[in-house]
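Below you'll find the structure, written out as structure tokens, and then a few comments.
The values are calculated or read from the model by the stated rules, or taken from the named source; none is laboratory data. Note that the structure is a prediction, hence the values are computed from the model and not measured. Glycine gets a Cβ as well: all are built from the backbone with ideal geometry, and neighbour counts include every protein chain shown.
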């Protein structure tokens, strides 16, 4: 027992970055307290966030106790639990609809909501990593088209159920995160370059075609999607295309956010200096608050911190001798990269608006715990590296 | 092992590629951040600084109305309300969405939905289908013209596709559309159930601008008194057309609820209260950045009437009963008698204690005859006053010097050339002085006085009546000082100052002197008799005693009191007024006084003057129906008057009814009865307190 603890090597660099991000989160939430809508004004979200962080750290501790290659045994059961919890949203009595999306469970006693899709992301990463690793272990001989197709087919079969279930909630944001996760993992799964290139080529063609159709017949496309779950996704794309026309609808948020960020300029307005009112500022739109108060310099520091975090995870993935660990790490990289890019990008009018939290910084218990758990996986992978290397040398 | 090695060999390269992609993505972020914050930052800051100020006002409950004893006359009833506060630049689509959501949570009356509302709603729901009704050429028209055309072309059939639910949504949307930006507008306040209230409160975050709050309604315990108090207009009616400018200059909104007629209108500015004013700072897209309370709202001030509701109700009852007696006694004869006016006032302060304007409606096959209280008629309806004005005539004669105190005339028919004989009502009065003339109501005495005022000093039968052209002005200048033919100054939106003489001939001055020429309101008559009662001070009548600051704990804090206001002092020696007072006393108390048969046994020593006026009605060409007005003015007690009154019962048949005296006696009896009851209950309550105190002491 003593040995196993001794063998654990904590990655202080990564821990430092995560702690810094959470501190930034708490400071920003504190500064926003009195600018929130009347209904939630003055609530100490920074304290709640701190409490959630502690809960997350405990979760990380629990994750660290289990050797990470043991995860492969839980990967598929967890995956199915995740899918069932998504299915349950449609008929379980605890499911609640918030802001038009049926994505939450109401937990009765503690009176909080939990979003199963957040957990699903992690479970999917585990399952994909496990399936890719198994496929590679079992494959005899050279890679060929059959290898590529079977691997891709397995990944596809695994991804489709949660992707569809999340899409119809509707939660386009998380659905796209899942696509990114799969994309990143496919790139390093062992698929041959020519296969990947043809996939990318086909995807590109379809996207281009869809875009052309949309741009040529915008009304018909809108009509086709009217009254479906995709209606508001389409609306957001339109708003992003032409913000001023949709000023009072979907684009107001994007414009206000860009105004807040822009007016922060180089040095920012200083803490508590927010002037522009942006909805959902303590959650999805928190980056606009950082940028307005701390300017280009402050927000660049946040972006660099995120970059260093991802850099570090990729480094760990490289050092890891167990392919399962590498796949797992890269899945997490995919999740983080897309969410960071999407969230910050929408705050500065780089891409259309989608409701996604900024990892570690946006207020929200479920997401904070999920990202901390992800960090737990990486820490675990890193801490067992040495022993793994030691064993191979011994052999 | 080789397999695994091989497997791993592709990884470093691919991870590097991945890392490179990530690097590019993050570089993009920083780049765009630079564009937004550094390149366009200054512009954004300017945009942020470009703000608008919008002021919104939230209505507060109206002040309450009490009677002089603290009895509540008009109260506010709190009720649940759903309000909508639109943000700036709100679009019809937004309102539609909110209406659709609201319709799931609450019921709404669809009665007020117009065809235009239905069409607007249909078009919003069927935008493309609607505009497909236009041909290419028409699509070149301006947007509003296009819209108008489409509206015209929506067919009945298309409108009939609207379901009950659609109508409900349209009804809600209609209300939402009426709201002005940033100002709360009541969407529904009638019949909101607790469930609706709770569900909407819970889900209000889904519907920006929708809030639950409370509204109020006027609650009037004394329904029958509404004619005097007036009512409050509802929001749909808004400001009255004739006073729109007046109210808008005072920052009223078009759909504000203001008092309609009566005290509610007269004291509107006090009752309204101070709305809560907030200033919102909005940016250019209309989003509120900051909002600040500039003025705290304050409920409207409370009105305390000088009316005594107990006396008021008793008076209403007395008047109704006495009218019914007359009407039922001789149903065929009194067909023109349909109302009686009565008013009581404190002659020392001008406080109006009660005013009743009972109007009798005969009803028809379906409805029973009924009374309607139209108390404002006390101020609005003018009638010939008859002999009640003789007190003023005598003072005019004494003060102008045409008669001496104690001067006598023989009451005998006056005969002028070319006209009918002029006589008194009661024959055989004989020689009378000024006091007797009042006591016995001698017309001849008044005629002789008026003749002298007009320059015709001595009477010789069969002369023609001479007139120097000044008598009327002289006589009326005295009348006006008593309030006869003057505005009384009552605190009410409207009042009449009488039907006054003009282009006066010699005979008119004589008729004026006995109350057969000018018409006065009952309020003018009570002001006149009060002026005699209090020794010559014309008091401004007040229906409102004072205005209290709104308090929640029921305590009284006076904001403004209607202090007794002397409009003028009658400019004659006290002695002359005292002679008239003595005359008035004798009318009620001494044998031979015209009202003594009914009042001489009263313990409160009343004084006053009766009046009977010939008041013909001319319902058509050359048709004349002779009727009589029976009047009574008076006060009590005669030596220290505390209550004055006037009663007008117009257009009675020439019968020998004495409705004026009957009402007069009963109302004075009632007044002193109430007074005594109050005094004794006060005494007993103070006794009780003392008893309690002593009990406590003994307990210890």
Checklist entry - Does residue A:376 satisfy the criteria of being modelled with pLDDT under 95, touching a strand residue (DSSP E or B) at 6+ places or on another chain (Cβ under 9 Å) and away from chain B (no Cβ under 11 Å)? => result no
Item to check | Flag if residue B:654 is within 27 Å of residue B:375 (Cα to Cα) and not in a strand (DSSP E or B) | outcome: yes
Item to check | Odd one out for residue B:647, checked against (1) in a helix (DSSP H, G or I); (2) touching a residue at least 60 places away in the same chain (Cβ under 8 Å); (3) within 31 Å of the chain's Cα centre (by Cα) | outcome: (1)
Checklist entry - Among the residues of segment A:335-345, is any at pLDDT 90 or above, surrounded by 23 or more Cβ atoms within 10 Å (Cβ to Cβ), away from chain B (no Cβ under 11 Å) and outside any helix (DSSP H, G or I)? => result no
Checklist outcome for this item: Reported set for segment B:1-44 where residues are closer than 30 Å to residue A:142 by Cβ, more than 7 Å from every other protein chain (Cβ to nearest Cβ) and at pLDDT 85 or above is B:13, B:16, B:17, B:20, B:21
Checklist outcome for this item: residue B:125 vs (1) within 14 Å of chain A (Cβ to nearest Cβ); (2) without any contact (Cβ under 8 Å) to a residue 24 or more places away in the chain: all pass except (2)
Checklist entry - In segment B:410-425, which residues are more than 20 Å from residue B:628 (Cα to Cα) and in a loop (DSSP other than H, G, I, E, B)? => result B:412, B:413, B:415, B:416, B:417, B:418, B:419
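Yes or no, residue by residue, for (1) surrounded by fewer than 20 Cβ atoms within 10 Å (Cβ to Cβ); (2) assigned to a strand (DSSP E or B); (3) free of Cβ contacts under 8 Å to residues at least 60 places away in the same chain:
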{"site": "B:221", "(1), (2), (3)": "yes, no, no"}
{"site": "B:246", "(1), (2), (3)": "yes, no, yes"}
{"site": "B:254", "(1), (2), (3)": "yes, no, yes"}
{"site": "B:265", "(1), (2), (3)": "no, no, no"}
{"site": "B:269", "(1), (2), (3)": "yes, no, yes"}
{"site": "B:281", "(1), (2), (3)": "yes, yes, no"}
{"site": "B:293", "(1), (2), (3)": "yes, yes, yes"}
{"site": "B:303", "(1), (2), (3)": "no, yes, no"}
{"site": "B:307", "(1), (2), (3)": "no, no, no"}
Checklist entry - With respect to residue A:265, is the statement that it is over 20 Å from the mean Cα position of the chain (by Cα), crowded, with 20+ Cβ neighbours inside 10 Å and more than 10 Å from chain B (Cβ to nearest Cβ) true? => result no
Checklist entry - Do we find that residue B:403 is buried (at least 18 other Cβ atoms within 10 Å of the Cβ) and assigned to a helix (DSSP H, G or I) in this structure? => result no
Item to check | Residue among B:523, B:512 that alone is in a helix (DSSP H, G or I), touching a helix residue (DSSP H, G or I) at 6+ places or on another chain (Cβ under 8 Å), crowded, with 21+ Cβ neighbours inside 10 Å and at pLDDT 95 or above | outcome: B:523
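Yes or no, residue by residue, for (1) on the phi > 0 side of the Ramachandran plot; (2) in contact with a helix residue (DSSP H, G or I) (Cβ under 8 Å, 6 or more places away or on another chain):
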| site | (1), (2) |
| --- | --- |
| B:206 | no, yes |
| B:211 | no, yes |
| B:220 | no, yes |
| B:238 | yes, no |
| B:241 | no, no |
| B:254 | no, yes |
| B:259 | no, yes |
Next on the checklist: Just checking, does segment A:296-303 include any residue being without any contact (Cβ under 8 Å) to a residue 24 or more places away in the chain, in a loop (DSSP other than H, G, I, E, B) and either touching a strand residue (DSSP E or B) at 6+ places or on another chain (Cβ under 6 Å) or more than 26 Å from residue A:382 (Cβ to Cβ) (or both)?
Outcome noted: no
Checklist entry - Got at least one residue in segment B:441-456 being in contact with a strand residue (DSSP E or B) (Cβ under 6 Å, 6 or more places away or on another chain), farther than 30 Å from residue B:246 by Cα and surrounded by fewer than 23 Cβ atoms within 10 Å (Cβ to Cβ)? => result yes
Next on the checklist: For the structure I just gave you, tell me whether residue B:109 is modelled with pLDDT under 80 and either part of a loop (DSSP other than H, G, I, E, B) or in contact with a helix residue (DSSP H, G or I) (Cβ under 9 Å, 6 or more places away or on another chain) (or both).
Outcome noted: no
Checklist entry - How many residues are within 14 Å of chain A (Cβ to nearest Cβ) and either touching a residue at least 60 places away in the same chain (Cβ under 8 Å) or crowded, with 20+ Cβ neighbours inside 10 Å (or both) when one looks only at segment B:100-122? => result 2
Checklist outcome for this item: Of (1) within 11 Å of chain B (Cβ to nearest Cβ); (2) under 26 Å from residue A:185 (Cβ atoms), residue A:258 fails just (2)
Checklist outcome for this item: Flagged in segment B:319-345 as surrounded by 14 or more Cβ atoms within 10 Å (Cβ to Cβ), closer than 19 Å to residue B:665 by Cα and over 31 Å from the mean Cα position of the chain (by Cα), in numbering order, are B:326
Next on the checklist: When you scan segment B:78-99, do you find a residue that is more than 14 Å from chain A (Cβ to nearest Cβ), under 23 Å from the mean Cα position of the chain (by Cα) and surrounded by fewer than 17 Cβ atoms within 10 Å (Cβ to Cβ), even just one?
Outcome noted: yes
Item to check | Residues located in segment B:45-60, provided they are more than 7 Å from chain A (Cβ to nearest Cβ), surrounded by fewer than 20 Cβ atoms within 10 Å (Cβ to Cβ) and touching a residue at least 12 places away in the same chain (Cβ under 8 Å) | outcome: B:50, B:51, B:52, B:53, B:54, B:55, B:56, B:58, B:60
Checklist entry - In segment A:281-328, what count of residues is obtained for those that are within 16 Å of the chain's Cα centre (by Cα), within 10 Å of chain B (Cβ to nearest Cβ) and closer than 29 Å to residue A:34 by Cβ? => result 3
Item to check | Criterion: within 25 Å of the chain's Cα centre (by Cα) and touching a residue at least 12 places away in the same chain (Cβ under 8 Å) - qualifying residue of B:532, B:543, B:514 | outcome: B:543
Checklist entry - Which one is nearest to the other protein chains (Cβ to nearest Cβ) among residues in segment B:223-238 that are in a loop (DSSP other than H, G, I, E, B) and under 26 Å from residue B:84 (Cα atoms)? => result B:235
Item to check | Condition check for residue B:173: under 27 Å from residue B:104 (Cβ atoms), surrounded by 20 or more Cβ atoms within 10 Å (Cβ to Cβ) and touching a strand residue (DSSP E or B) at 6+ places or on another chain (Cβ under 7 Å) | outcome: no
Next on the checklist: Can you report the number of residues in segment A:178-228 which are more than 14 Å from chain B (Cβ to nearest Cβ) and buried (at least 19 other Cβ atoms within 10 Å of the Cβ)?
Outcome noted: 1
Checklist entry - Considering A:32, A:21, A:10, A:16, which residue is farther than 30 Å from residue B:205 by Cα, assigned to a helix (DSSP H, G or I) and either out of contact with any helix residue (DSSP H, G or I) (no Cβ under 7 Å at 6 or more places or on another chain) or at pLDDT below 90 (or both)? => result A:16
